[in-house]
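I have placed the structure first, in the form of structure tokens, so that the comments after it can refer back to it.
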Amino acid sequence: MSRRPAGKAGKTRTIATLLALTALAACSLDPHYHRPEPAIPPSWPVGNAYLKQEEAALPSLDWRQVFVDPHLQAVIELALARNQDLALAAANIEAARAQYRVQRAQLLPTIDATGRVTTTRGLISSSSGTSGTTGGTGGTGTTGTGGTGTGGTGTGGAGTGGTGTTGTTGATGGDRTVYSAQLGVTAFEIDLFGKLHSLARASLQQYFATEAAARSTRLMLVANVADAYLALASDRSLLGIAIDTEASAQRTVDLTRARLDGGIAPRTDLRNAETVLYQAKSDRANLTTLVSQDRNALELLTGAPVADADIPVTIDAVGTWIAALPAGLDSRILLRRPDVVEAEYQLRAANARIGAARANFFPTITLTAAAGFASTALSTLFTGGAFSYSVAPTASLPLFDGGANRGNLAYARAQRDGAVATYRKTVQTAFREVSDALARRGTIDAQAAAQAAYVGAAEDAANLENARYLGGIDPFLNSLVTQRTLYAARQSLAQAELLRAQSLVTLYQTLGGDQTLDPAPLH
């Protein structure tokens, strides 16, 4: 429809119609959202995982409270600043944020301003005249004037009038210029049944899920850096044990060879002593490689070289590196776990997409409108008489689509059901992982203490058997067994210290409640 307004009443009716359509927009066809009941023991509380509303009331951790060693803190801070996985996660957040803004923009019309000057060059026709009356006696015929032609003059005698000839049609060339300025809206969809709002909600929930995934990446990074740091310390401890054992075994070999040369010891004693020596040499070479690889792995996580001053020497001092979790934390901290939060946001997004799929069964109304001024003279372009407008609403109703809309709705519902299963499995996995970590923490201190006592006993036994061998009381085989036992015991103690430290890291990671790693809120 394109016309000049009939008056104020016509404008009022048009505006009222558009406002009525807008008021009807945005009714939601989304299914009512209910959080699924996770299939976990009832002792684990189930709360609102929508952290934007309730996270302030939940318990939280600070990784600096757990990882108290200043050198380890420096390495973690370097990783948080330089790690490339975090850079990728940040890019994913920005991409999700941009997608949400693009989707949200569909709720508003796009208004374009245009200015135009149109010049038409061509022929402009003009009308032609005719001669034409009956003259009286001696009368004179009138002259008809065309654009450029001239009619003939009639003369007549008495009673007879002359007839003038028809003038020819004239034409002249000319230009025509029209100036116009308009504001227009093209194909704006009026969201009567909430499809665009549902898609915007789905996009927002997807953005929040991406934020939670990024927080999960940061949480995992902190834990992985701590684990790599501990693995490096443990391997350096094992390397030191291999070096010590090699030196001790070398002394034993030298002594046994001297006893063999003196005819006191058999050759079998020398060969048995050499087995410990060469085993220690082999372990030293392997552990030298592992220490280098551990440092490479740590620097991959940090994204930059780690200073030598921040490299751990041994695992022995691990008790001063990692503190026990702060007292007073309860199981509600699970509600902060990023993968649980991400799973629920994905579920909310799938629920909103069902509303968009339902809306496809209803009519779609789009609006194209323009208002502005047009004039053949620039000086009169913005006068009242030059104003004009046009409004062209369009409605379409799907009658036959081959089942595409039903298929899309079934697909959206299946996606929602899959998201429900994923959410429940994520909560179950979180519960299992925390339970496993707590079980490990409940016994690891006793295991490490027992292993330390074992090392003390093995060391004492080795010293006693070595003295008895040198005194000729016991055969060398007894001393050899105690040396091997001591070597294995020291290795096991280093492994137990590593497990004890890793159990604290695992518990920190599985609880997932480090609020200091939350991303910035949406603006």
(request) Quick one: accessible surface of Ser390, probe radius 1.4 Å, all protein chains present, in square angstrom to the nearest 10. (result) 30 Å²
(request) Could you sort 467-473, 75-81 so that the peptide with the highest average Cβ count within 10 Å comes first and the rest follow in order? (result) 75-81, 467-473
(request) Read phi for every residue in the stretch 267-283 and hand back ³J(HN,Hα) as whole Hz from Karplus 6.51 cos²θ - 1.76 cosθ + 1.60, θ = phi - 60°, with x for Gly and Pro. (result) 5, 4, 5, 5, 5, 5, 5, 5, 4, 5, 4, 6, 5, 5, 5, 4, 4
(request) Taking only protein heavy atoms into account and a 1.4 Å probe, give the accessible area per residue of the stretch 169-273 in Å². (result) 41 Å²
(request) State the percent of C-alpha pairs, over all pairs in the stretch 433-511, separated by a distance greater than 19 angstrom. (result) 50 percent
(request) Collect residues whose amide H, placed 1.01 Å from N in the peptide plane, falls under 5 Å from the amide H of Asp514; neighbours closer than 5 in sequence don't count. (result) Leu61
(message) For a protection proxy built on the mean count of beta-carbon atoms within 10 angstrom, sort 265-274, 437-446 highest first, please.
(response) 265-274, 437-446
(request) Can you work out the accessible area per residue across the stretch 334-491, with the rest of the protein chains kept in place, probe 1.4 Å, in square angstrom? (result) 51 Å²
(request) Given the peptides 450-458, 242-250, arrange them by the average over their residues of other C-beta atoms within 10 Å, most packed first. (result) 242-250, 450-458
(request) Work out the FRET efficiency for Asn478 and Ala87 from their Cβ-Cβ distance, taking R0 = 45 Å, and round it to the nearest 0.05. (result) 0.15
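The values are calculated or read from the model by the stated rules, or taken from the named source; none is laboratory data. Values in this document were obtained by computation on a predicted structure and should not be read as measured data. Glycine also receives a Cβ, built like all others from the backbone with ideal geometry; neighbour counts cover every protein chain displayed. Quick note on the areas: whole protein, heavy atoms, side chains included, nothing else; ligands and nucleic acids left out. Shrake-Rupley method; radii C 1.70, N 1.55, O 1.52, S 1.80 Å.
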